[in-house]
């Protein structure tokens, strides 16, 4: 939902604020999500109300948050695509898949397997 006059967006489960994506990745369409995020970033807005409290302290999201999550998704996609092309999906890829740049995000350890499975599901089927 977008309130253009107030420059506010309400986005649920697409752009986690200050935390690692996780369970929401189960029924996530990665390529479509990345395109949606690009369209969201093209809009005129200043504050993002996430579907779950932003980290730290339940804060609202910013344009930088959205850019960072899009970068995370794109980096995860590229990394898993390489592993899938090497025939490593599923078990091997899930063990080797790491995103060290994002290790400091809350929920990294629990969220990373969901990100790995979703992108392995995408690239591991030969797409």
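The values are calculated or read from the model by the stated rules, or taken from the named source; none is laboratory data. Since we're looking at a predicted model, the values are computed, not measured. No Cβ is skipped: glycine too gets one built from the backbone with ideal geometry, and neighbour counts run over all protein chains shown.
Considering every residue within region 20-27, establish whether at least one is part of a helix (DSSP H, G or I) and farther than 17 Å from residue 106 by Cα. Yes - at least one qualifying residue is present in region 20-27. Of 40, 15, all but one fail to be touching a strand residue (DSSP E or B) at 6+ places or on another chain (Cβ under 9 Å), assigned to a loop (DSSP other than H, G, I, E, B) and surrounded by 18 or more Cβ atoms within 10 Å (Cβ to Cβ); the exception is 15. Restricting attention to region 43-72 and to residues that are assigned to a helix (DSSP H, G or I) and touching a helix residue (DSSP H, G or I) at 6+ places or on another chain (Cβ under 8 Å), the residue that is farthest from residue 101 (Cα to Cα) turns out to be 63.
Candidates in region 43-53 are the residues that are in contact with a strand residue (DSSP E or B) (Cβ under 7 Å, 6 or more places away or on another chain) and at pLDDT 95 or above; of these, the one that is surrounded by the fewest Cβ atoms within 10 Å (Cβ to Cβ) is 43. Counting only residues that are more than 14 Å from the chain's Cα centre (by Cα) and more than 20 Å from residue 6 (Cα to Cα), region 34-51 holds 0 of them. Filtering region 54-105 to residues that are surrounded by fewer than 17 Cβ atoms within 10 Å (Cβ to Cβ), under 13 Å from residue 37 (Cβ atoms) and either touching a strand residue (DSSP E or B) at 6+ places or on another chain (Cβ under 9 Å) or touching a residue at least 12 places away in the same chain (Cβ under 8 Å) (or both) leaves 63, 67, 74. Within region 106-117, identify whether any single residue is assigned to a helix (DSSP H, G or I) and loosely packed, with under 13 Cβ neighbours inside 10 Å, and answer yes or no. Yes, that holds for at least one residue.
With respect to the conditions (1) at pLDDT 95 or above; (2) surrounded by fewer than 15 Cβ atoms within 10 Å (Cβ to Cβ), residue 29 lacks only one, and its number is (1).
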